[in-house]
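The values are calculated or read from the model by the stated rules, or taken from the named source; none is laboratory data. The shown structure was predicted, so the numbers you read here are calculated from the model rather than taken from an experiment. Neighbour counts are summed over all protein chains in view; Cβ atoms, including those assigned to glycine, are modelled from backbone coordinates with ideal geometry.
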Amino acid sequence: MSLEVYEQARKIGLRCVKTRAAEGLDPYLPALEDEKLKILKTQELPVTAIPLDRVTGTRTRGRTNSFAADFMPLLEPASEFAGKWTRLYEAQLEEGIREPILCVEYLGHFYVQEGNKRVSVLKYLKAPEIMAKVTRLIPENDLRKWRPTSNPWRRRQKPARPICTSSPPAAGSGWTLFWAQMTSPGAKKCGRMCGLPGTASRRFS
């Protein structure tokens, strides 16, 4: 059964590769190391839940060809990679994936350093969040004041609460940046983020 699920996920990935290639786009995961970064400093954040739709690539290029741009797997079902993917899928169904991934956050997007298959499995299951240990990369030209309250994910260490994006939060509340990101083009709108079953109010431990 789990192998059939992997084959379904792989079909989605192969379809993504074909579509993006036809559009002249890179069909594989973007790697942050491909960017020319000028980092002012880094900021270590506590383990917390991050939105999966903001996890957009990997930290390095080593594993990019194993996944389509949508994080769906591409390797053959008989591979060792597929075996590990299916075991993670089974673990998620039985008790939930508990080990947090390691990632960096750069300009509101997350790039996985360790845990690509965990992200792939949860994205296939359309989970809204994943637990992560995050290192924030602050670029030289970022003039914002990075205070603890500027981190919209730090406040979500406690049981997650419903998040509504239908109206902006009060200035200085610490959720302003998060609201701006979630209401940007392509972000999920109200109705998918307001505490409905399976939305962002659910926490994966």
Legend entry - Filter pass, VAL121 being within 30 Å of LYS41 (Cβ to Cβ), buried (at least 23 other Cβ atoms within 10 Å of the Cβ) and touching a residue at least 24 places away in the same chain (Cβ under 8 Å): no
Legend entry - Out of LEU14, LEU25, LEU3, LEU29, sole residue that is under 23 Å from VAL134 (Cα atoms) and touching a residue at least 12 places away in the same chain (Cβ under 8 Å): LEU29
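Of everything in segment 54-84, what is of a type in the set (D, E, K, R), surrounded by fewer than 20 Cβ atoms within 10 Å (Cβ to Cβ) and in contact (Cβ under 8 Å) with a residue 40 or more places away in the chain? Give them in sequence order. Steps first, answer last, please.
Our first condition is that a residue be of a type in the set (D, E, K, R); within segment 54-84, this holds for 54, 59, 61, 63, 70, 76, 80, 84.
Adding the requirement that they be surrounded by fewer than 20 Cβ atoms within 10 Å (Cβ to Cβ) leaves 54, 61, 63, 70, 76, 80, 84.
Correct list: ARG54, ARG63, ASP70.
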Legend entry - Odd one out for GLU94, checked against (1) out of contact with any helix residue (DSSP H, G or I) (no Cβ under 7 Å at 6 or more places or on another chain); (2) crowded, with 19+ Cβ neighbours inside 10 Å; (3) modelled with pLDDT under 95: (2)
Inset, instruction - Could you please let me know if ILE50 is under 20 Å from MET131 (Cβ atoms), under 20 Å from the mean Cα position of the chain (by Cα) and at pLDDT 95 or above? - result: yes
Inset, instruction - From the list LEU40, LEU45, pick out the single residue that is closer than 19 Å to VAL134 by Cβ, surrounded by 14 or more Cβ atoms within 10 Å (Cβ to Cβ), touching a residue at least 12 places away in the same chain (Cβ under 8 Å) and touching a strand residue (DSSP E or B) at 6+ places or on another chain (Cβ under 6 Å). - result: LEU45
